[in-house]
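As structure tokens, the structure follows; a few thoughts come after it.
The values are calculated or read from the model by the stated rules, or taken from the named source; none is laboratory data. A quick note: this is a predicted structure, and the numbers were derived from the prediction, not measured. In this analysis, Cβ positions are derived from the backbone assuming ideal geometry, glycine residues included, and neighbour counts consider all displayed protein chains. Please note that ligands, DNA and RNA were not included when accessible areas were found on the heavy atoms of the full protein model with its side chains. Shrake-Rupley method; radii C 1.70, N 1.55, O 1.52, S 1.80 Å.
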Amino acid sequence: ADDAVLSHVPNSCPKMHAAMDTRTYQRVAAAWGHHTGSFLLADQQGLGKSIETLATIMESAGASTSTQYHLIFAPLVAVESVWSREVQRWLDSNHAGVLPLTGSLAERQEALVAALDTPTDLAHVFVVANIESARIKPHYPEGKPRTAKNARYDTADAVLPALFGRIWDTIVVDECQRALIRTTGSPTQVRAGFSILSKSSERRIALSGTPIRGK
């Protein structure tokens, strides 16, 4: 399609909706994402995957009256410079808040716990974290060799355990090719975390302009 009608974005995010007037394929992406639920968004670089993702989330939220929590994983350099900025750019600060997880590990955990445990009047809370924050360290049964087959993963061993303590309305993984599931080799700590988190979200959106590792 060349364009699509969005039911909720025009009212909840008029600035974002107007910005898509010159790139109507972005509205198509948001409408498709809303009806699809969980998907891979593999538009080429520069086409606006971030605004398409935010529009998808806002369209899917509809007229929900409860606060929705969205977790975005991105490369470290994009936590503040891209995603936090995009949320602030397109969404009304009275409607949506963003928490970039930066600083030391202890500071990130403390900020995350506070944000998740503190009641808010905001309709949406976006938490933006480095991809490596999804890591879970493996442990091995006593007497067993340290092999991938014997590895066990517990959320108590996660880098940021608070990420695993709730059901997220949306989990977004930007540059998802960094954690592609392979048919061979040992699972990485990040991939182990994503595997567990995938069961703790209503909607999962993977983003990559180079889904086949740069090709």
Determine the shape class of the stretch 20-62: with a ≥ b ≥ c the square roots of the Cα gyration tensor eigenvalues, call it rounded for a/c under 1.5, and otherwise prolate if a/b is greater than b/c, oblate otherwise.
oblate
With DNA, RNA and ligands ignored, accessible area of Lys199 (1.4 Å probe; Å², nearest 10)
150 Å²
Sites Thr24 and Arg166, calculated FRET efficiency, Cβ-Cβ separation with R0 41 Å, nearest 0.05
0.70
Tell me the per residue accessible area of the chain using a 1.4 Å probe; a whole number in Å² is fine.
52 Å²
The stretch 127-170-the stretch 1-15 distance, computed between alpha-carbon centres (Å)
38 Å
Compute the FRET efficiency between Ser7 and Ile196 as 1/(1 + (r/R0)^6), taking r as their Cβ-Cβ distance and R0 = 41 Å, and round to the nearest 0.05.
0.80
State the percentage of accessible surface on the chain attributable to carbon and sulfur atoms; use a 1.4 Å probe and exclude ligands, DNA and RNA.
50 percent
Heavy-atom SASA rank of Val5, Val28 (probe 1.4 Å, accessible area, largest first)
Val5, Val28
In the chain, with Lys and Arg counted as +1 and Asp and Glu as -1 at Cβ, which of these residues, Val5, Trp168, Ala61, has the Cα nearest the positive end of the dipole, that is, farthest along it?
Trp168
Calculate the dipole size of the stretch 85-152 relative to its Cα centre from +1 charges on Lys and Arg beta carbons and -1 charges on Asp and Glu beta carbons; express the result in debye to the nearest 20.
660 debye
Solvent exposure, largest accessible area first (probe 1.4 Å, DNA, RNA and ligands not counted), of Glu132, Glu202
Glu202, Glu132
For the stretch 1-156, what ratio Rg/Rh do Cα atoms give with a Kirkwood hydrodynamic radius?
1.06
Relative to the first principal axis of the alpha-carbon coordinates of the chain, what is the inclination of helix 49-61, with its axis defined by its Cα atoms, in degrees from 0 to 90 and to the nearest 10?
80 degrees
Leu47 paired with Arg152, simple spin-label distance in nm, labels 7 Å along Cα-to-beta-carbon:
4.5 nm
